[in-house]
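Heads up: the structure comes next, in structure tokens.
Quick note: the coordinates plus some simple rules give every number you see, no bench work behind them. The model shown is predicted, which means the values in this text are computed figures rather than measured ones. Don't worry about glycine lacking a Cβ; one is built from the backbone with ideal geometry, like all the others, and counts go over all protein chains shown.
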Amino acid sequence: MHYFDYKGQELHCEEVSLHQIADEVGTPTYIYSKRTLERHFRAFDEPFSGCDHLICYSVKACSNIAILRLFARLGGGFDIVSAGELHRVLAAGGDPHKVVFSGVGKTEEEMRFALDQGILAFNVESEPELFALDRVARKMGRRAPVALRINPDVDAQTHPYISTGLKSNKFGIAIDHARRLLLEAKNLAGVEIMGIDSHIGSQLTKVEPFVHALERLLLFVDWVNQQGYSIRHLDLGGGLGITYKDETPPHPGEYATALLDVLGDRKLRLVFEPGRVIAGNAAILLTRVVYHKPTEAKNFVIVDGAMNDAIRPALYGAYHAVIPVRTSGGATETVDVVGPICETGDFLARDRELEVSAAGDLLAVMSAGAYGFSMSSNYNSRPRAAEVLVDGDRYAVIRQRETRDDLLRGESIPDWI
Ligand SMILES: *Cc1c(COP(=O)(O)O)cnc(C)c1O
């Protein structure tokens, strides 16, 4: 469910015409719908209202501080994977006491910063990380709150690049190993192991892998408590999928029902780390046709957005619907929508039936809110796109389009050249 719809022949975001934004802000531009973001956050939050829980929005999905502010206002916490993301959360006015810190490679400097801010939990992903955190915290005279990230070894049945809960992935700690580690870690003064965490993958379209993971985690929590620990926090990660094309992922309400059913009357605080399911369908990438290039083999629609703006098609072969901003209902043709970057992998859509377009026409790349702007880069020395937030009939630029001078920021030429 989102608020990008045609009014007459013109695609709008809420009440604002995308043509108007293109004229005033330029292209390529990411356009977010505030109403959609808030609706999705609530749709995830409300089914858990009967139990102690915290929604820690996954910052890496879409990390603009205006968007983080929206979720902070709704009472959300944040799942971060770097100190840079914590910096964003603080800049957005987020509460550091509602922050969980995931990631396999936290540095000691990042640990100190997060400890100083008093975050809710470090999601510890390995034995050496646990010992490093213990050392850092003791040196600071602190005790770090820890949730051990367990790898439940379930198949998330998603793209291999975004599957994280299998033994062969770099994430988390296998259950057998975690048992040994917990026995060893009892006397560490710098860490308090108070939670168990897992995140099994992204873009999951079935509820079963989540249910299997939870069943395994609950058995494990029982075992951990029998060893004298007091586990009160269970983080089930993110990963719920969205509809890009014809996927039929469970609604957050169904997901919640299935999990709460397995959980029964246990007294655990549930933490979730949703990213894509909240942000994914809440934005489009608005792009303008530069050239229409028919060739013997294919018709190319060359646009001003590219893989540096939206890398998911190039990286995972991901599908994003592409639709015209002004529809004429006219003839269609099969095209590849490609960017100007010097890579064959630089495409946004391939072999699509699209209304015949001409230079200057606007296209909307749908479902671009998650892992869209946040994965963008300056490859080919392309300034990164602007970001716009729409609220009803008004909008604001929440990130200026980068300038050519921004591209040079921090670079210098040594005087011996
Ligand atoms: C990326 C990530 C998430 C968010 O995943 P989505 O599929 O966007 O919900 C949550 N937790 C961790 C640890 C992650 O790495």
- Subtract the Cα-Cα distance of ARG179 and LEU408 from 0.36 nm times their separation in residues, and report this length gain in nm to one decimal. 77.5 nm
- Rounded to a whole number, the Stokes-Einstein D of the stretch 320-417 in µm²/s (Kirkwood radius over Cα pairs; 37 °C; 0.692 mPa s) is 199 µm²/s
- Note on the structure: The distance between the Cα centres of the stretch 27-93 and the stretch 284-310, in whole Å, is 31 Å
- Item | Inter-label distance, nm, simple model (7 Å from Cα along the C-beta direction), LYS293/ASN378 | 2.5 nm
- Item | Of LEU188, LEU236, LEU362, the one that fluctuates the most in a GNM where the chain has Cα springs shorter than 10 Å | LEU188
- Message: In whole Hz and in residue order, list the ³J(HN,Hα) couplings for the stretch 341-358 that follow from phi through the Karplus curve 6.51 cos²θ - 1.76 cosθ + 1.60, θ = phi - 60°; x for Gly and Pro.
- Response: 6, 7, 8, 5, x, 7, 9, 9, 7, 10, 6, 10, 8, 9, 4, 4, 10, 10
- Per-peptide average of other Cβ atoms within 10 Å, ordering 290-303, 119-132 highest first: 119-132, 290-303
- Message: I'd like the FRET efficiency for GLU192 and THR257, computed as 1/(1 + (r/R0)^6) with the beta carbon distance as r and R0 of 30 Å, rounded to 0.05.
- Response: 0.40
- Note on the structure: Among beta bridges assigned by DSSP with both residues in the stretch 34-276, the antiparallel ones amount in percent, to the nearest 5, to 5 percent
- Query: Hey, what angle do you get for helix 175-184 against the long axis of the chain, alpha-carbon based, 0 to 90 degrees rounded to 10?
  - Reply: 50 degrees
- Message: From the Cα trace of the chain, what convex hull volume per residue do you get, rounded to a whole Å³?
- Response: 163 Å³
- Hey, got the dipole for the chain? About the Cα centre, +1 on K and R Cβ, -1 on D and E Cβ, debye to the nearest 20? 960 debye
- To the nearest 0.05, what FRET efficiency results for SER49 and GLU10 with a Förster distance of 41 Å applied to their C-beta separation? 0.60
- Could you compute the FRET efficiency for LEU219 and HIS97, with r as their C-beta to C-beta distance and R0 at 25 Å, rounded to 0.05? 0.25
- If the viscosity is 0.692 mPa s and the temperature 37 °C, what Stokes-Einstein diffusion coefficient in µm²/s follows for the stretch 34-276 when Rh is the Kirkwood radius over Cα pairs? 183 µm²/s
- So what's the stretch 1-75 giving for Rg/Rh, alpha carbon basis, Kirkwood Rh from the mean inverse pair distance? 1.06
- Note on the structure: Short to long, in 10 Å steps from zero, the percent of alpha-carbon pairs of the stretch 253-320 per bin is 13, 30, 21, 16, 12, 6, 1
- Message: Just to check, using Stokes-Einstein with a Kirkwood Rh over alpha carbon pairs, what's the diffusion coefficient of the stretch 210-289 at 37 °C and 0.692 mPa s in µm²/s?
- Response: 221 µm²/s
- Task: Just subtract the alpha-carbon distance of TYR316 and ALA396 from 0.36 nm times their residue separation and send over the number in nm, one decimal.
- Result: 25.7 nm
- Please give the per residue volume of the convex hull enclosing the alpha carbon atoms of the stretch 131-245, rounded to a whole number of Å³. 110 Å³
- Share of antiparallel DSSP beta bridges in the chain, in percent to the nearest 5? 50 percent
- Between 0 and 90°, nearest 10: helix 108-117 axis offset from the chain longest Cα axis: 80 degrees
- Message: What are the ³J(HN,Hα) couplings of the stretch 366-372, residue after residue, when phi is run through the Karplus curve with 6.51, -1.76, 1.60 and θ = phi - 60°? Round to Hz, x for glycine and proline.
- Response: 7, 6, 9, x, 10, 6, x
- Largest first and rounded to whole Å, the semi-axes √(5λ) derived from the alpha carbon gyration tensor of the stretch 6-49 read 28, 12, 6
- Column: log10 I(q)/I(0), Debye, Cα scatterers of the stretch 45-138, q = 0.14 Å⁻¹: -0.50
- Calculate for the chain the 222 nm mean residue ellipticity that helices alone would give, adding -39,500 (n - 2.57) per DSSP H run of length 4 or more and normalising by residue count, nearest 500 deg cm²/dmol. -8000 deg cm²/dmol
- Could you give me the ³J(HN,Hα) list for the stretch 89-96, computed from phi with Karplus coefficients 6.51, -1.76, 1.60 and θ = phi - 60°, whole Hz, x at Gly and Pro? 4, 5, 5, 7, x, x, 8, x
- Message: I need the semi-axes of the equivalent ellipsoid of the stretch 64-190: take the C-alpha gyration tensor, multiply each eigenvalue by 5, square-root it, list largest first in whole angstrom.
- Response: 25, 21, 11
- Nearest 10 degrees, 0 to 90: what angle lies between the long axis of helix 34-45 and the longest principal axis of the chain (Cα atoms)? 30 degrees
- How far apart, in nm, are two points set 7 Å out from the Cα along the Cα-to-Cβ line at LEU74 and at ALA331? 4.5 nm
